[in-house]
1. So how many residues does the range 388-420 have that are assigned to a loop (DSSP other than H, G, I, E, B) and open to solvent by less than 20 Å² (accessible area, probe 1.4 Å)?
2. I need a count of the residues in the range 44-58 that are at positive phi, under 19 Å from the mean Cα position of the chain (by Cα) and surrounded by fewer than 24 Cβ atoms within 10 Å (Cβ to Cβ).
3. Here's a check for you: in the range 59-82, which residue that is assigned to a loop (DSSP other than H, G, I, E, B) and open to solvent by 30 Å² or more (accessible area, probe 1.4 Å) is nearest to Phe172 (Cα to Cα)?
4. So Ala460 fits all but one of (1) under 29 Å from Glu554 (Cβ atoms); (2) open to solvent by 10 Å² or more (accessible area, probe 1.4 Å); what number is the exception?
5. Looking at the range 446-484 only, could you name the residues that are of a type in the set (Gly, Ala, Ser) and modelled with pLDDT of 95 or more?
6. Determine whether Lys492 is touching a strand residue (DSSP E or B) at 6+ places or on another chain (Cβ under 7 Å), touching a residue at least 40 places away in the same chain (Cβ under 8 Å), open to solvent by 70 Å² or more (accessible area, probe 1.4 Å) and among the basic types (Lys, Arg).
7. Got at least one residue in the range 120-127 being closer than 21 Å to Leu160 by Cα, in a strand (DSSP E or B), at pLDDT 95 or above and open to solvent by 10 Å² or more (accessible area, probe 1.4 Å)?
8. Just one of the numbered conditions (1) open to solvent by 40 Å² or more (accessible area, probe 1.4 Å); (2) in a loop (DSSP other than H, G, I, E, B) is not true of Pro424; which one?
Amino acid sequence: ASFLLLCFRISLVTSLIFVLLLQPPLTQLSIIAKPNIVLLMADDLGIGDVSCYGNDTIRTPNIDRLAKEGVKLTQHIAAAPLCTPSRAAFLTGRYPLRSGMDAVNNYRVIFWNGGSGGLPSNETTFAKILQQQGYSTGLIGKWHQGVNCESRNDHCHHPLNHGFDYFYGMPFTLISDCQPTETPEMNRAFRRKLWLSTQMIGLVTLTAALGRLTGLISVHWKTLTFLVGFSLLFFMSWFSSYGFIRYWNCIMMRNHEVTEQPMVIERSTFLILRESISFIERNKHKPFLLFLSFLHSHTPLLTTEKFLGRSSHGLYGDNIEEMDWMVGQVLDAIDKEGLRNTTLVYFTSDHGGWLERQEHKRQLGGWNGIYKGGKGMGGWEGGIRVPGIFRWPGVLPADTVINEPTSLMDIYPTVVHLAGGVLPQDRVIDGRNLIPLLQGTVEHSEHEFLFHYCGIHLHAVRWHQKDGGAIWKAHYVTPLFDPPGAGACYGKGVCPCFGEGVTHHDPPLLFDLSRDPSEAKPLTADTEPLFDTVIKKIGRAVEEHRRTLTPVPEQLSLYNIVWKPWLQPCCGTFPFCWCDKENDN
């Protein structure tokens, strides 16, 4: 009997081992506890700029390798078509208007390091949750989420106050003003708006002062003092936009310390790559999160001499090929440290390519492939559809394409899940965990509706009709192209969100992206039997969505975006801000 019992136990153990061996390796997610996470984000890169998304004039072998060894998303959507709000949504997993990081006016991004607006301290980024889970967290490159609130050193919006243990890079964003040989970028529409605002506020202040002196208007001295101070702030912002931008905005920081003011743009690529690889090497023995936020491919397209003239797409193509090389160097560093199978790598762009960015006959902005529109356009696909690639050997399938709607906001719950963290329960999280979709254990994305904002203005809504396979998209507002039919707002630089520069549609323009991804032929009640049903369904979704919104302070208000000298990061004694600590080292 004991012999039979022994045989039975051996048979049972053998069977269990055999069953386990038959299990596909992609289901063994729980075996790898707390993987390393490397997030790679390009700046202003169009979905049509990458070889694996259809470009045949720009070579991106390393990004292509990620797609070949992992999962490529074809409907990966940014939550906003501009840097500041899109990155806020990426970091928090929430539509940017929930945190006050989308604009009610035409100032749709942070314009100064010395402004007071930025990602609020009460927002919980994925970096903060991973930090609490024992991760070493680092941000290398672009931030563009603000620096200070009330004093030069409070760092309330700084990366180190939002869950990152280490920061090296630009607290602002790369702009043409950072390159002395380039045509300044901020002297265009921004200066005109700033000067107009200064004149209007100055006129109100002057009228109030004259009314007070003559007794015609009853104005309290405190009110008058406030108006005078506000006028001076706007005047200083306008004045600082002439020649001072490079010193105020084009700076590099290591943690809280300013290391270059102004930055030496020629060596930025080397320093950012060096810092990224060093972070991986320093933290290889514990779980780490590296968010490498490239300065590429934003103008002025900083490109080292080694890559100049290499592509058949001009300077912009050269810049993309250099960024791809940087991606390859980071992947090589991961392999060198033996971290390949324990590291999730993700590549994306913050929004679509900037079609209007041209100088003479040179195209300095990106290409969005077959998709209409570009940067700044909250509704059209070209402004919000971006590359999305995941690689995790042995856990995610290789050479896989997923055509389901996903969002940059999905990274938040995805990495929190992988780190063993818990999502905040006191707020709405709009992102969804992508792991089941990436592994193929579910067929459809969890997103039924995605809402596409331009500033705080709802421009379009996407409905994924999972039972029928259609992906409906209704446009309530679209920009007026300038010149008409040009496909972009070349006369303005960036398309507006409201006012005379947009058209309101009632009924909305309706497209089925599964049949018409270029949004070329709007459907009507005559051409689409489900037209009324779809419009009503989307309308009800908008009503439900708006009920989840609560008022929050506007981070991009006129007061918050204006330059304030007492908030300006400074290496030295203000206003004599200058240093080059990298050269000293």
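The values are calculated or read from the model by the stated rules, or taken from the named source; none is laboratory data. Keep in mind the model is a prediction, meaning the values are calculated, not measured. Every residue, glycine among them, receives a Cβ derived from its backbone with ideal geometry; neighbour counts consider all protein chains shown. Just so you know, the surface numbers come from the protein's heavy atoms only, side chains and all, with ligands and any DNA or RNA stripped out. Shrake-Rupley method; radii C 1.70, N 1.55, O 1.52, S 1.80 Å.
1. Of all residues in the range 388-420, those assigned to a loop (DSSP other than H, G, I, E, B) come to 392-399, 419-420.
Checking the rest, the ones that are also open to solvent by less than 20 Å² (accessible area, probe 1.4 Å) come to 392, 395-396, 419.
Of the residues in the range 388-420, 4 are assigned to a loop (DSSP other than H, G, I, E, B) and open to solvent by less than 20 Å² (accessible area, probe 1.4 Å).
2. Qualifying residue count, the range 44-58: 0.
3. First, pick out the residues of the range 59-82 that are assigned to a loop (DSSP other than H, G, I, E, B): 59-60, 69-70, 78-82.
With the extra rule that they be open to solvent by 30 Å² or more (accessible area, probe 1.4 Å), the set shrinks to 59, 69.
On the way: Arg59: 29, Glu69: 33 Å.
Only one residue fits best here, namely Arg59.
4. Every condition holds for Ala460 apart from (2).
5. First pass over the range 446-484, keeping only residues of a type in the set (Gly, Ala, Ser): 455, 460, 468-470, 474.
Passing the criteria: Gly455, Ala460, Ala470, Ala474.
6. Values: touching a strand residue (DSSP E or B) at 6+ places or on another chain (Cβ under 7 Å): yes; touching a residue at least 40 places away in the same chain (Cβ under 8 Å): yes; open to solvent by 70 Å² or more (accessible area, probe 1.4 Å): yes; among the basic types (Lys, Arg): yes.
So Lys492 passes the test.
7. Quick first cut of the range 120-127, residues closer than 21 Å to Leu160 by Cα only: 120-127.
Those still in the list that are in a strand (DSSP E or B) too: none.
For the range 120-127, residues closer than 21 Å to Leu160 by Cα, in a strand (DSSP E or B), at pLDDT 95 or above and open to solvent by 10 Å² or more (accessible area, probe 1.4 Å): absent.
8. (1)
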